[in-house]
Amino acid sequence: MADTQALYRLYGVPSWGSVLVEAALVQARLPYTFENVAGFDEPGPARDRLVAVNPLAQVPVLILPDGTVMTESAAILLHLAETYPEAGLAPSVGDPLRPAFLRRLIWLVTAVYGTFTYADYPERWAPSVPDELRSRVLGRRMDLWRQWEDEIAPAPWALGERFSALDIWIAAMTRWRPGRDWLAENCPKLLSIARRVDADPDLRELWTSNFGAI
């Protein structure tokens, strides 16, 4: 069981990618503090606090109870899932669903999440045509969601009858562009999963604090 005396410290920004890790902490019922570093993408105190724990100046950063610094959302999630298996964040080693979970988790991080790096700040990567880059990357993200929609079974959760952190990540990531109105028309199975997670009483306060009324 989780050690209720072990305190985690999460560096992040409300409604940003750090919510993926924060939701896992909530699901696992782990005590944590949240270090809000909003504005870290510009020089200032918030950036200084973040760079002190992650020279790449990226969120999330999770400080473990023993002081170990962890970055990268998928790595953090896998660590929490393996440390607290009773939380049900991931199928355990040897579970037939483990390969599907790992494949989709890494796909979300590398294929889908990566598109936000370019679409959110297109002027950094294509200063002469930022609008074109944003449009193309957003189109790619839509294609990726459609791909998963076509593959996913019409079941309660991403892994079928088994709940996992994939469902939590769907609930969070579908709140970002292109948004849930688009999902309703194009990816109803994924949106159904997201809404089912929204209704989880353990996570409702987190969604509200990050995204407003749900």
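The values are calculated or read from the model by the stated rules, or taken from the named source; none is laboratory data. From a predicted model like this one, the values you see are computed outputs, not experimental measurements. Glycine gets a Cβ as well: all are built from the backbone with ideal geometry, and neighbour counts include every protein chain shown.
If the condition is being over 25 Å from Asp167 (Cα atoms) and touching a strand residue (DSSP E or B) at 6+ places or on another chain (Cβ under 8 Å), then the stretch 36-45 contributes only Val37. Of all residues in the stretch 161-182, those being part of a helix (DSSP H, G or I) and of a type in the set (Gly, Ala, Ser) number 3.
Of everything listed in (1) among the small types (Gly, Ala, Ser); (2) surrounded by fewer than 18 Cβ atoms within 10 Å (Cβ to Cβ); (3) farther than 19 Å from Ala158 by Cβ, the single unmet condition for Ala111 is (3). Per the listing Glu132, Glu82, Glu86, the residue uniquely of a type in the set (Asp, Glu) and touching a residue at least 12 places away in the same chain (Cβ under 8 Å) is Glu86.
Counting only residues that are under 17 Å from Gly17 (Cα atoms) and assigned to a loop (DSSP other than H, G, I, E, B), the stretch 183-214 holds 1 of them. Meeting the requirement of 2 or more residues that are out of contact with any His (no Cβ under 9 Å at 6 or more places or on another chain) and buried (at least 21 other Cβ atoms within 10 Å of the Cβ), the strands (runs of 3 or more DSSP E) wholly within the stretch 1-76 are 8-12. On inspection, Ala75 fails the criterion of being outside the structural domain of Ala153 (by TED's automatic domain parsing) and on the phi > 0 side of the Ramachandran plot.
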